[in-house]
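Okay, so here's the structure we're looking at.
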Amino acid sequence: MKKIALVTVTYNAERNLSFFLPSLIRNEKSIDAVYFVDNASKDETLPVLQSFKDEGSIHAPVEIILNTKNYGYTYAINLGIRKALDDGFDYICVTNNDIIFDEGFLSQMLQDATVNGVDALGVPASVNADDVGFGYVLDSATHLPKKDAPAKRGEVLREIAHISLLPVDFPHGGTILFTRHFFEKIGLYDDKLFFGGDELDFLYRVAAYNASHAPKMKCAVSLRAFPLMDNLTKHNTGHKIIKAKRMLQGNARVNLKHRFTPTDFGLYREQYELIRNLSKGRLLRYAALYMFALRGLCIEITRYYRMTPSRKSNS
């Protein structure tokens, strides 16, 4: 059996761990190690993690990597990935800790990846505690996702029952299972991105690699391994705006890094879609997010055009 290590970044995640850790216990047969990378949490995250480790809650080794300050998501996740690679793991599962795994979630992912020879397998489909979430409307000809759509869990499962795997151009989702081969070829996340834009940047790099290399990285989406997403509606508007601020600016930076020119409006469109999805009809939140997006865009454009040509090529 291939060895699988799970890597996640915590920052003031005490509430998340109350449901994330039990879901790891339900899947412990599929886990060979867990790496928690903490970005200097100020709540009770560390005591909770230490207790989970000391009590031997799962049979697999648990390692807690401590940062002295909050260095950002990408810096932290790279620490965990490097440690898993150094420890010789064949598969590395990069996941958020605000989700709840169904029993058998990780074993289904591993089966899909190994049987189909997939280098990166994402699981973007999720539902909240009310059993409603975002699944996929599939194209009947290609069986590829056309758009996200609210759906009951059962409706999504019925639609994908005849499909074992959805091939895609790049991996995406809140949980992605990578082979070590993937990171050896593509590299790790861009740790210059504190928060936001990190996955977008990674996807651009995967697409660029696959456009110019053979054999290409084989990427797919599995909807059979179905996670339950925590319903974060208890978070107020202010919390969501603060969290979205760096996300919007990060996405602006990534678009500039990869493809922005004065005549390219792709950046504007992507920022608009992100704002619309985050605001969900709330006028005040929409206005605040739009302000942050415009501010971030102006900052990143100014930085970009102040760079020397050599620094632009390395950014």
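May I ask for the percentage of alpha-carbon pairs in region 1-57 that lie more than 12 Å from each other? Looking at region 1-57, the distances longer than 12 Å represent 67 percent of pairs. Spin-label model, R306 to L283: label points 7 Å out along the Cα-to-beta-carbon direction sit 3.7 nm apart.
Assuming 1.002 mPa s and 20 °C, estimate D for region 1-126 with Stokes-Einstein, Rh taken as the Kirkwood radius over Cα pairs, in µm²/s. Mind showing how you got there, number by number?
Values: Rh = 14.8 Å.
Once the numbers are plugged in, D ends up at 145 µm²/s.
Taking Cβ atoms as reference points and 10 Å as the exclusive limit, the residues near C219 contribute a net charge of 0, counting Lys and Arg as +1 and Asp and Glu as -1. Placing pseudo-labels 7 Å out from each Cα toward the beta carbon at I299 and V115 gives an inter-label distance of 4.7 nm.
Readers should treat all values here as calculations from the given coordinates under stated rules, not as data from a laboratory. Computed from a predicted model, the values in this text were never measured in an experiment. FYI the Cβ positions are ideal-geometry reconstructions off the backbone, even for glycines, and counts take in every protein chain you see.
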